[in-house]
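The values are calculated or read from the model by the stated rules, or taken from the named source; none is laboratory data. Here the structure is a predicted model, which means the values were calculated and not measured. Reconstructed Cβ throughout: ideal geometry from the backbone, glycine too, with neighbour counts over all protein chains shown. Ligands, DNA and RNA are excluded from the accessible area calculation, which covers all protein heavy atoms including side chains. Shrake-Rupley method; radii C 1.70, N 1.55, O 1.52, S 1.80 Å.
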Amino acid sequence: MGDHLARAEDFENKAEKKLSSWGLFGSKFEDAADLFDKSANSYKLAKSWDKAGSTYIKLASCHLKLESKHEAAQAYVDAARCYKKTNINESVSCLDNAVNIFCEIGRLSMAARYLKEIAELYESEQNISQAVAYYEKSADFFENEEVNTSANQCKQKVAQFSAQLEQYQRSIEIYEDIARQSLSNTLLKYGVKGHLLNAGICELCKGDVIAITNALERYQDLDPTFSGTREYRLLADIAAAIDEEDVGKFTEVIKEFDSLTPLDSWKTTLLLRVKDKLKAKEIEEDDLT
Amino acid sequence: MFGSKKSPLKVAKPSSVESWTNPFDSNDEGMDTKKYSSSRKTSSERALTTLGVNTNPFDDGTDANKKSSSTLYGFQSANWNKYKNDFRDSGGLENQSVQELESYAVYKAEETTNSVTNCLKIAENIREEATQTLVTLHQQGEQITRSHHVAADIDHDLTRGEKLLGSLGGLFSKTWKPKKTRAITGPVIVGDDPVRRKGNHLEQREKLGLTSAPKGQSKLRSPPQEPTNAFEKVEVEKNKQDDALSDLSDLLGELKGMAVDMGSEIERHNKALNHLYDDVDELNFRVIGANQRGRRLLGK
């Protein structure tokens, strides 16, 4: 380990010397870049992630001086990978630089990929609002490049987090849009009822029974087979329970559905919100009487 | 239907508090089953009920302490062993009282319902996984197409490079022509069955009356009255089984469709990969030629 560290520092010092020395413009930066690359690799072997990251940033600036933008962007990505282990903010900053360079040179699919990576980093840090912003950007880029599956994955993340942040209408629009797209595809049509269920749960969270009924009719028009599914029955039964203000029925309906298809944490969270609203309504009614 | 099983499955009994941590208290049987199985709780279950331990976020504990209205057909765990080995230890089926046989019939019916429900649960899980697999296959198909587009782009760039290499060289040197064995085709779009691709296909089927009519609510969800005797209870269980088997049938039909779609998509991928392989092979051949030309020029 110490051996790697010593070698890394040695390479770095040599690179710095190269940069400060006089010489032919091009070759000076080329030699320095080569030495910085070796130094960064040695730092990685020594598990000195911060130093490796900062060395990759120096390498990126050398590549930029040489007008090798693709290599510079790749160096920023390598820096981000190193910083990921110690400093998330630095990692995001490096990926941002990489994205900007990829956009400059027209590599939009690469830019989209790294925007998604930034979003994932923010998600891991529980910074939901930033994660949503970057997932949205990523989806936009993927759509431009016609990478529809990846675009939809990012959109689903946006919808998921929007619902958590109580922006239900936004979630509904995204899920319905994905369902509409999926219907025309032989492979994706089987996932439609899942998307419509998610949209329906968001409708339930809004608490407007008429809107829920209208939504169910809309989903039926969208996919005629939906009305025969357990997902449709779940939504219809919950809507009825809300209309009747019957918490017991609400619980039974969900239990029955869950006994066959266990609800994930996202659905559980949203349905609990619906239940809490329903309980509050019930208590309010009792107080009035 | 309920009498067709020879060796019934053992009913798992919760042995500790851990088995109660399911947030949805997913009892496979409906409300009715709870009523006449309440008396066969293990001691740990009874203790939990008494303590009011309830970890289901949707459960208000309203029906936690419901007792059966008629305990006549309730099962004690002592009777279970008799039922499990078809009364072999107590003189066989012929020597049982009518009441005992009625209880046995209800037990068997209940158990069959459980088995069918478990089958349905497994089929649902398979369906979830299959849906994910199809999404992944679609993504893979897109990636193959994109890779092929990139190969076509490389072809354009390589053609430019070959022109430049051809124009290099001495004044009297022989002009270099790159060797090409075949043209780069780029991605070949293999279309799906056009009928299945149409968005309004489902609507057309609906109008023709081909899609299954929307199922109404399960009859059992709000039964008209409590089953009072064994015959009624068996009928209730049979209805549950019919519902579950109907759902299972639909699910298996859908799984078949999914499997067919997976097969045809993988076939498409194979064809696309064959085309891609041919193009990449040709590109490789031309890159080798361009490298040789470059080396020759440098050697002069």
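Condition check ((1) free of Cβ contacts under 8 Å to residues at least 24 places away in the same chain; (2) of a type outside the set (S, T, N, Q); (3) part of a helix (DSSP H, G or I); (4) at the interface with another protein chain (Cβ under 9 Å from one of its Cβ atoms)) across all residues:
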residue: A:D177; (1), (2), (3), (4): yes, yes, yes, no
residue: A:G191; (1), (2), (3), (4): yes, yes, yes, yes
residue: A:L204; (1), (2), (3), (4): no, yes, yes, no
residue: A:L235; (1), (2), (3), (4): no, yes, yes, no
residue: A:A239; (1), (2), (3), (4): no, yes, yes, no
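None of B:Q204, B:Q140 is closer than 18 Å to A:T186 by Cα and at pLDDT 70 or above except B:Q140. Among the residues of the range A:49-90, those that are within 19 Å of the chain's Cα centre (by Cα), assigned to a helix (DSSP H, G or I) and farther than 22 Å from A:D140 by Cα comprise A:A80, A:R81, A:I88, A:N89, A:E90. Taken over the range A:6-55, the residue count meeting the criterion of being among the acidic types (D, E) and farther than 17 Å from A:A73 by Cα is 6. Pairs are defined by a Cβ separation below 8 Å, a sequence spacing of at least 6 or placement on different chains, a first member in the range A:43-61 that is more than 23 Å from A:S20 (Cβ to Cβ) and assigned by TED's automatic domain parsing to the domain that holds A:E12, and a second member that is open to solvent by 60 Å² or more (accessible area, probe 1.4 Å) and of a type in the set (D, E, K, R); the pairs so defined are A:W49/A:K85.
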